[in-house]
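Let me begin by presenting the structure, written as structure tokens, before commenting on it.
The values are calculated or read from the model by the stated rules, or taken from the named source; none is laboratory data. All figures in this text were calculated on a predicted structure; none of them were measured in a lab. All Cβ positions, even for glycine, are placed from backbone atoms using ideal geometry, and neighbour counts span all protein chains on display. Heavy atoms of the whole protein, side chains included, go into the accessibility calculation; ligands, DNA and RNA do not. Shrake-Rupley method; radii C 1.70, N 1.55, O 1.52, S 1.80 Å.
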Amino acid sequence: MYGDVTFTDVSRAETLDQTSATFVMDEDTFRSFYDRTARGVWAYLARVTGDRQLADDLLQETYYRFLRAAASHESESHRRNSLYRIATNLARDARRRSLVRASFSVSHDDIESLPSGDRDGAPERTADFNRAMSHLKPRERAMLWLAYAEGASHSEIADMLGLRPGSLKSMLFRARRRLAELLTREPEKDQA
């Protein structure tokens with residue numbers, strides 16, 4: 001069992017770590033940046049990893065590494081791209097370590113929150129969508145999420161995922177086409 005950690009222990013650890021900690025952002029700037037980006041980064045991590053608890057852990061690690069990098073950024077967009085790049089790398093590392101079985105999942109509640117006049121068949125559409133997304137590669141899921149859920153530009157997505165901007169348009173086209181094919185394919189029936 002782990003012993004109780006006191007405030008003094010944390011303060012000591014912080015004091016020891018102060019010599020190597022140089023942050024470019026002050027607390028108010030960071031808090032504002034976090035408030036603007038945390039929800040989107042968490043959703044991205046949850047979609048890419050398929051694990052909400054892992055997304056919580058990776059979100060914390062993403063912001064920690066972002067602060068520790070102490071990089072200067074040209075703009076808000078550059079800062080955001082850097083953050084998503086860190087999140088992408090952490091998700092890849094988690095997958096490599098076999099800590100997560102990468103799958104995309106959308107709940108019935110997520111479908112219900114989408115603006116639509118037709119709610120009939122939402123559970124079936126959710127199941128079809130989850131099935132189709134689970135057959136995509138993690139990079140394809142990430143590209144689709146960043147493009148359509150986050151509204152990122154092609155150059156932003158390329159930067160976040162470490163891809164060449166020139167090849168992203170065709171990769172995104174193929175991912176969309178593959179998703180569409182999977183959605184129009186009949187679900188495979190279990191054989192008795």
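The C-beta contact set for region 61-83 (first residue open to solvent by 50 Å² or more (accessible area, probe 1.4 Å) and of a type in the set (A, V, I, L, M, F, W, C), second residue in a helix (DSSP H, G or I) and modelled with pLDDT under 90, distance under 9 angstrom, 6+ apart or interchain) comprises Ala69/Ser82. The set of residues from region 135-165 being in a helix (DSSP H, G or I), in contact (Cβ under 8 Å) with a residue 40 or more places away in the chain and surrounded by 15 or more Cβ atoms within 10 Å (Cβ to Cβ) comprises Pro138, Arg141, Ala142, Trp145, Leu146, Glu156, Asp159, Met160, Leu161. Tallying residues that are in a loop (DSSP other than H, G, I, E, B) and either of a type in the set (Lys, Arg) or closer than 21 Å to Ile157 by Cα (or both) within region 41-73 yields 4. Applying a threshold of 8 Å to beta carbon distances and a minimum spacing of six or more residues, or different chains, the list of pairs starting in region 166-185 at a residue that is at negative phi and ending at one that is surrounded by 11 or more Cβ atoms within 10 Å (Cβ to Cβ) and of a type in the set (Val, Ile, Thr) reads Leu168/Ile157; Leu172/Ile157. The set of residues in region 18-40 being at pLDDT below 50 and either open to solvent by 100 Å² or more (accessible area, probe 1.4 Å) or assigned to a helix (DSSP H, G or I) (or both) consists of Gln18, Thr19.
When you look at Gly117, is it modelled with pLDDT of 80 or more, loosely packed, with under 12 Cβ neighbours inside 10 Å and part of a loop (DSSP other than H, G, I, E, B), yes or no? Here the answer is no, as Gly117 does not meet what is asked.
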